[in-house]
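S.K.: This is the structure I have questions about; it appears just below.
The values are calculated or read from the model by the stated rules, or taken from the named source; none is laboratory data. Treat the numbers as computed from the prediction; the structure is a model and nothing was measured. Using ideal geometry, Cβ is built from the backbone for each residue, glycine included, and neighbour counts are taken over all protein chains shown. These accessible areas exclude ligands, DNA and RNA; they are computed on the full protein's heavy atoms, side chains included. Shrake-Rupley method; radii C 1.70, N 1.55, O 1.52, S 1.80 Å.
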Amino acid sequence: MPDIPHRVEETRVDKPWGYELRWAMTDRYLGKVLHVNKGEALSLQYHERKDECQYVVKGCVDIELGGPDGVLNTHRMQAGDTLRIKPGTRHRITAVEDTDIFEVSTPEVEDVVRLADRYGRAPT
């Protein structure tokens, strides 16, 4: 039996930094749009299993990337830029302007090890 079409807004997950639109969820992959409001930031985090690729569709972000040694390097990403974030890579996105990012990843949506968060969400 085929899946029934739905509007992506039905899969919106509000976040303190903006929102996610989860447009593809299967047992093999996850596709979503991250909308990050200007000046807001995701947690400093890493994933134990989740492997993700990001494509900046609109806007501009600074992304901090680093390994387990704690050293982070900041890179500016603009529309058209892509990035793969492998498991174990510490990362944090901060929006320089309102930004939309297409993210495709393995399906482990709960695999987030939060190290720091400006919104009071507890480290995991």
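S.K.: Taking the Cα centre of segment 1-63 as the origin, how large is its charge dipole in debye, to the nearest 20, when only Lys and Arg (+1) and Asp and Glu (-1) carry charge on their Cβ atoms?
M.R.: Using Cβ point charges on Lys, Arg, Asp and Glu, segment 1-63 gives about 100 debye.
S.K.: Ignoring ligands, DNA and RNA, what accessible area per residue does the chain give at 1.4 Å, in Å²?
M.R.: Heavy-atom SASA per residue in the chain reads 59 Å².
S.K.: Let's see if you can work this out: charge +1 on each Lys and Arg Cβ, -1 on each Asp and Glu Cβ, no other charges. What is the dipole magnitude of the chain about its Cα centre, in debye to the nearest 20?
M.R.: That gives the chain a dipole magnitude of about 160 debye.
S.K.: Additional query: Filter the trypsin sites (Lys or Arg not before Pro) in segment 1-88 down to the DSSP loop ones having no more than 12 other Cβ atoms within 10 Å, then list what survives.
M.R.: ARG7, ARG28, ARG49
S.K.: Among residues other than GLU20 whose Cβ falls under 10 Å from its Cβ, what is the net charge (Lys/Arg +1, Asp/Glu -1)?
M.R.: Details: positive: ARG12, LYS15, ARG22, LYS32; negative: ASP14, GLU103.
Local net charge: +2.
S.K.: Using the C-alpha gyration tensor of segment 64-103, what are the square roots of 5 times its eigenvalues, in whole angstrom, with the largest one first?
M.R.: They are 20, 12, 8 Å, listed largest first.
S.K.: Let me know the Rg and Dmax you get for segment 11-50 when you use only its Cα atoms, in Å.
M.R.: My reading of the Cα-based Rg and Dmax gives 11.6, 34 Å.
S.K.: Please give the contour-minus-distance gain from LEU72 to ARG49: 0.36 nm per residue of separation, less the Cα-Cα distance, rounded to one decimal in nm.
M.R.: Contour length minus Cα-Cα distance gives 6.3 nm.
S.K.: Lys and Arg at +1, Asp and Glu at -1: add these up for the other residues within a Cβ distance under 9 Å of LEU72 and post the number. Walk me through the numbers on the way to the answer.
M.R.: Details: positive: ARG90, ARG92; negative: GLU64.
Net local charge, LEU72 excluded: +1.
S.K.: Just need the relative contact order of the chain here, percent rounded to a whole number, with Cα pairs under 8 Å and 6+ apart.
M.R.: It comes to 31 percent, rounded to a whole number.
S.K.: Whenever you get a sec, compute what percent of the accessible area on segment 63-120 sits on carbon and sulfur atoms (1.4 Å probe). Intermediate values should be presented prior to the final figure.
M.R.: Working: 1500 of 3180 Å².
Here it works out to 47 percent.
S.K.: With a point put 7 Å past each Cα toward its Cβ, work out how far ASP62 is from LYS38 in nm, to one decimal.
M.R.: 1.6
S.K.: Pulled fully out, how much extra length does the chain show between VAL96 and THR26, if you take 0.36 nm times their separation in residues and subtract their Cα-Cα distance?
M.R.: 22.0 nm
S.K.: Related question: For the chain, how big is Rg over Rh, using alpha carbon atoms and the Kirkwood form of Rh?
M.R.: 0.96
S.K.: Please compute the alpha carbon radius of gyration of segment 57-124, then divide it by the globular-protein estimate 2.2 N^0.38 Å. Two decimals is fine. Walk me through the intermediate numbers first.
M.R.: On the way: Rg = 12.7 Å, N = 68, 2.2 N^0.38 = 10.9 Å.
Against the compact-globule rule of thumb, the ratio is 1.16.
S.K.: On to the next question. What's the extension gain from THR11 to ARG118 if we count 0.36 nm per residue and subtract their Cα-Cα distance?
M.R.: Computed gain between THR11 and ARG118 is 36.0 nm.
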